[in-house]
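Below: one structure, written as structure tokens.
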Amino acid sequence: MDNPEATEQRLSRERLLKLAAAAGGATLLGSRIEAGRAAVDWINAESGRLQVLDWAGYGNDGGQSMFAAYVKGHPNNKPQFTYMTNESDALAKIHAGLKPDLFRPYVGWVKYFATSGLVQPWNPKLISNFKHLNPFMVKAGQYGGKQYGIPDDWGFDAILYRSDKVHPKAKSWGLLFDDRYKGKIAWFDDLEMLVIAGLYLGHPRPWRQSDAELKKSQDFLIKKKKLARLIWSSETNLWEAFGSGDIWVAYAWPNDWVQMKAKKLKVVYMRPKEKPVAWVGMFMLLKGTPRPKLAHSYVNAWSSKRSGQWLEDNYGYGHANVLARPSSSDLLKALQLTNPRAVTEPAAHLDRDIPRRAVYAKAWEQVKAS
């Protein structure tokens, strides 16, 4: 097998011509030393494999179609993936020394990362597909007038259940806390569970709960935790448990519905009366990345109509490219793809910044430890 680093240093005829041009241009400045430096700068610029921090299923483990155009255009700079289980996990990895060029948190984290000093704004002019992205989602990726997030995938947090096993009393988040299905319920391992509890309990601002409200949400989850057989962080674990019949009710995403329908299970993806929580994936560019142009090219590939349709057809998620449409009319209806504001009121609650995120995180860890 070829050594990737050695391969990237081989000079093709095209690269030699470009290198000569770089050197020649510098010679006009009157210095062979400057010419040499220009040549070295050129060959070192944007070299190496693009480092991507992303969710499982979006790298070389099934998501290759999303960035195929990038790989075709940059065969010597193929993406290398590290996986994140949620945004807190991504943040911990970055603080521990991981240096990705880009990563993909969701819309509720835009303000946090934009003000963290860890990321830098994108240049939309370098993304030719940017003009086809949903304007509402584009705006959601902005902070301080700058484009910190490039929207691509989107979907909902809602409830998946077996219609042949489960009989909801109402279309409500309350199904996750229904005593009748003790041992057959799966929660999601994320502080968002406190938001869901807040929605169900009727707190007016679930993302900004007061101390008393948050305590009430936490106590409620602690009381109901015995009902949950699984608190999942990996969709693979959820699919195995749901597919085997161990789980009948789950906090889930659209792709989970797609996967269980493929197993011929009788499943319903419920839109709770308290409304689902909508999310939009936001690619973010790490501050000081040595490969900014490659990162823009990668995101442009992700943002294409072709990639969008593949995502919708295969994962059941929506895509920010408004030209993309899934082959399935059922999916078109389920995702409300003809509604450009499907991810916000009155259809859904768009996930948002949690000012006291650290407090929520501590409260959730206490729930799990109870």
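The values are calculated or read from the model by the stated rules, or taken from the named source; none is laboratory data. Since this is a predicted model, take the numbers as computed values, not measurements. Here Cβ is always computed from backbone atoms with ideal geometry, including for glycine, and neighbour counts include all displayed protein chains. We work out accessible area using only protein heavy atoms, side chains counted, and drop any ligands, DNA or RNA first. Shrake-Rupley method; radii C 1.70, N 1.55, O 1.52, S 1.80 Å.
Odds and ends about this structure:
- About the Cα centre, charge dipole magnitude for the chain (Lys/Arg +1, Asp/Glu -1 at Cβ), debye: 620
- V367 exposes around 0 Å² of accessible area when a 1.4 Å probe is run over every protein chain in place.
- Of every Cα-Cα pair in the range 179-283, the percent that sits beyond 24 Å: 27
- Cα pair count fraction exceeding 20 Å, expressed as % - the range 237-367: 60
- Computed over the chain, Cα set: Rg, Dmax in Å: 23.0, 82
- Projecting the Cα positions of V277, L50, P151 onto the charge dipole of the chain (unit charges on Cβ atoms of Lys, Arg, Asp and Glu, taken about the Cα centre) puts V277 furthest along the positive direction.
- Between the Cα long axis of helix 305-315 and the first principal axis of the chain there is an angle of about 40°, rounded to the nearest 10.
- C-alpha long axis of helix 13-27 to longest principal axis of the chain, angle in °: 60
- Only Lys, Arg, Asp and Glu carry charge here, each on its Cβ (+1 for the first two, -1 for the last two); on that basis the range 108-211 has a dipole of about 300 debye about its Cα centre.
- Selection from P346, A358, L332, by position along the positive dipole direction of the range 307-370 (Cβ): A358
- Beyond 28 Å in Cα-Cα separation lie the following of the pairs K171/K226; K169/K264; K131/K261; K182/K273: K131/K261.
- Residue with peak Gaussian network fluctuation, the chain [Cα springs, cutoff 10 Å], from R325, R356, R229: R356
- Among D61, D157, D256, residue whose mean-square fluctuation peaks in a GNM of the chain (springs only between Cα atoms under 10 Å): D61
- Cα long-axis angle, helix 32-44 against the chain (0 to 90 degrees, to the nearest 10): 30
- Accessible surface, per residue, of the range 231-370 when the full set of protein chains is kept, probe 1.4 Å, Å²: 43
- Spin-label model distance (nm) - R180 vs D330, 7 Å beyond Cα toward Cβ: 2.4
- Computed from point charges on the beta carbon alone (+1 for Lys and Arg, -1 for Asp and Glu), the dipole magnitude for the range 284-351 about its Cα centre is near 400 Debye.
- Sulfur and carbon atoms: percent of accessible area, the range 76-126 [1.4 Å]: 51
- Approximate spin-label separation R205-D164, in nm, with each point projected 7 Å along Cα-to-Cβ: 4.7
- Relative packing of 172-181, 99-108, which averages over residues the other C-beta atoms within 10 Å, highest first: 99-108, 172-181
- Only Cα pairs under 8 Å and 6+ residues apart enter the sum, and on that basis the relative contact order of the chain stands at 24 percent.
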